[in-house]
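Structure, as structure tokens:
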Amino acid sequence: MRILVIEDEKRIAELIGRALEGAGFQVDSSDTGANGLELAHTTDYDVVILDLILPDMDGLKVLERIRHRKASPPVLILSALGAVDDRVKGLDRGADDYLSKPFSIVELLARVRALLRRRQPLPERLQVGDLALDAIRRRVTRGGEQIDLAPKEFSILEYLMRNVGKALTRPMIVQHVWDIDYDGLTNIVDVYIRHLRGKIDDRWPQKLIRTVRGVGYVIEAGEKGTERL
């Protein structure tokens, strides 16, 4: 997933960029409307985060020109103009969401994820090897045997299975499942992964959840009896 950040305040742009990259996104940044438009017209982005007050042009003009594309990405306005009239104007001109400054990074990430879900309907049923997850009925089976999971265990497993074969960092898991800042929550991710392994891996010769040293965790159907690191 690739995100464009059009923001002229360097500190804020860097803060947003680090948070998005920590959540697993690729990020391009621009501190002017003109350069942001050039990037938006030459690269396919999944979301654009747009400040309204830019040094060279009105952010609403940037929004209008992005919307002129045949297939334009969702746009999240990020602005110090937080009055109701400002928010209504931004949404009426084509923005998909509006977040006022000052803002919470956790809320920003949650809104980005919501825009991505809205754009790309997620499959209801996921399968990795003989492990199956039904996202609507919230049901998990392995080899046809039903497995009961606690709500957070289910959320972590669903997140892993929606990113099969991709190593997810602990900050990514915390931000997705708990939707809070990562500080101090390393251990809780490891605890829940141990619980998950006890339920979906330990009794089967083929292990699906694997630790990636220095990164985090990945789920994939590897060779029978794959060793967990």
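Values quoted throughout were computed directly from the atomic coordinates according to the rules given, and no laboratory measurement underlies them. Predicted model only: the values in this text are computed from it and were never measured. Note that each Cβ is placed from the backbone with ideal geometry, even for glycine, and that neighbours are counted across all protein chains shown.
For the chain, the residue among ALA83, ALA132, ASN35 whose Cα projects farthest onto the positive side of the dipole built from Cβ charges is ALA132.
With a Cα cut-off of under 20 Å and a minimum spacing of 8 residues unless on different chains, the lysine pairs in the chain number 12. For MET57, the amide hydrogen comes within under 5 Å of the amide hydrogens of GLY33, counting only partners 5 or more places away or on other chains and with H modelled in the peptide plane. Taking the helices alone, the chain has a mean residue ellipticity at 222 nm of -12000 deg cm²/dmol, built from -39,500 (n - 2.57) per DSSP H run of at least 4 residues and averaged over all its residues. Dipole check for the range 125-219: with +1 at the C-beta of Lys and Arg, -1 at the C-beta of Asp and Glu, and the Cα centre as origin, the magnitude is about 280 Debye.
A dipole drawn for the chain from +1 and -1 charges on Cβ atoms has a positive end, and of ILE156, PRO205, VAL174 the residue lying farthest that way is PRO205. Using a 7 Å offset from Cα along Cα-Cβ at GLU9, what residues in the range 50-77 end up with backbone N under 14 Å from the label point? In the range 50-77, the label zone of GLU9 (backbone N under 14 Å from the point 7 Å along Cα→Cβ) covers 50-55. If the segment from MET57 to TRP178 were pulled out straight at 0.36 nm per residue, it would be longer than the present Cα-Cα gap by 39.8 nm.
Ratio of the chain's C-alpha Rg to 2.2 N^0.38 Å, to two decimals? Mind dumping the intermediate values first?
Numbers: Rg = 20.2 Å, N = 229, 2.2 N^0.38 = 17.3 Å.
Normalised Rg, Cα atoms only: 1.16.
If Lys and Arg each add +1 and Asp and Glu each add -1, what is the summed charge of the other residues whose beta carbon sits under 12 Å from the beta carbon of GLY59?
-3
Determine the gain in length on full extension of the stretch ARG18-GLU145; use 0.36 nm per residue of separation and subtract their C-alpha separation, reporting nm with one decimal.
Gain in length upon complete extension: 41.6 nm.
With a ≥ b ≥ c taken as the square roots of the eigenvalues of the C-alpha gyration tensor of the range 7-46, please select rounded if a/c is under 1.5 and otherwise prolate if a/b is larger than b/c or oblate if it is not? Here the range 7-46 falls in the oblate category.
Quick check: residue separation of ARG2 and TRP204 times 0.36 nm, minus the Cα distance between them. What number comes out in nm?
In short, 69.0 nm is gained.
May I ask for log10 I(q)/I(0) of the range 39-131 at q = 0.22 Å⁻¹, from a Debye sum over the Cα atoms as equal point scatterers with solvent left out? Rounded to two decimals, the profile gives -1.17. Placing pseudo-labels 7 Å out from each Cα toward the beta carbon at GLN26 and ARG67 gives an inter-label distance of 2.8 nm.
Here ARG194 and ILE105 are evaluated by their C-beta separation; at R0 = 41 Å the FRET efficiency comes out at 0.90.
Think of each Lys and Arg Cβ as +1 and each Asp and Glu Cβ as -1; about the Cα centre, that makes the dipole of the chain roughly 860 debye. In terms of the Cα gyration tensor, with a ≥ b ≥ c the square roots of its eigenvalues, is the range 125-219 rounded because a/c is under 1.5, prolate because a/b exceeds b/c, or oblate? Prolate, since a/c reaches 1.5 and a/b exceeds b/c.
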